[in-house]
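Here is the structure we will look at, set down as structure tokens.
Coordinate-derived values only; no laboratory data. The shown structure was predicted, so the numbers you read here are calculated from the model rather than taken from an experiment. Here the Cβ positions follow ideal geometry from the backbone for every residue, glycine too, while neighbour counts run over all protein chains shown.
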Amino acid sequence: MKLTFAEFSQLGEAVDVVIHSLEQALYQITVQVAGETYLLAENSGRIFRCHSLQQARTALQTLPVASLMLRQQSAYDEMVGQPVRALDNALEIPLSLDDFPAPVIH
């Protein structure tokens, strides 16, 4: 199921959001509303995709986000020839909507 930016902005309460890292520079966003998971879509209905984590966070800046998580499936097992696991091996990192801090150069 899809949820457009317009529908997301009109939600009555803040919800949990996950940014999914699909490839090296390709991200999609899912939104948890009342126990259901929705893919975030542009108002035209086309699935929203972006090419940087910062672009994803910027798109969410004015929306009712309770928590933000980055999720990436790990390819480690496959790379080292391990059998497929019954358990999920996704890496999850909590994020904030704030800008990334400037790098510290020593």
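Please report, largest first and rounded to whole Å, the three semi-axes of the ellipsoid equivalent to the stretch 2-95, where each semi-axis is the square root of five times an eigenvalue of the C-alpha gyration tensor. Mind showing how you got there, number by number?
On the way: eigenvalues 143, 41, 28 Å².
Semi-axes, largest first: 27, 14, 12 Å.
Under the 0.36 nm per residue contour assumption, what length would be gained going from the current alpha-carbon distance of Gln61 and Glu42 to full extension? Walk me through the numbers before you get to the answer.
Values: separation 19, 0.36 × 19 = 6.84 nm, distance 1.50 nm.
Stretched fully, the Gln61-Glu42 segment lengthens by 5.3 nm.
Cβ under 9 Å from Ile19's Cβ, Ile19 left aside: what net charge do those residues give with Lys, Arg +1 and Asp, Glu -1?
Working: positive: Arg57, Arg71; negative: none.
Local charge sum for Ile19: +2.
Pull out the extension gain between Glu92 and Glu23, defined as 0.36 nm times the separation in residues minus the alpha carbon to alpha carbon distance; nm, one decimal. Don't jump to the answer; show the numbers that get you there.
On the way: separation 69, 0.36 × 69 = 24.84 nm, distance 1.52 nm.
Full extension from Glu92 to Glu23 adds 23.3 nm.
In nm, what is the difference between 0.36 nm times the number of residues separating Ala14 and Gln32 and their Cα-Cα distance? Before the final figure, lay out the partial values.
Values: separation 18, 0.36 × 18 = 6.48 nm, distance 0.98 nm.
Result for the pair: 5.5 nm of gain on full extension.
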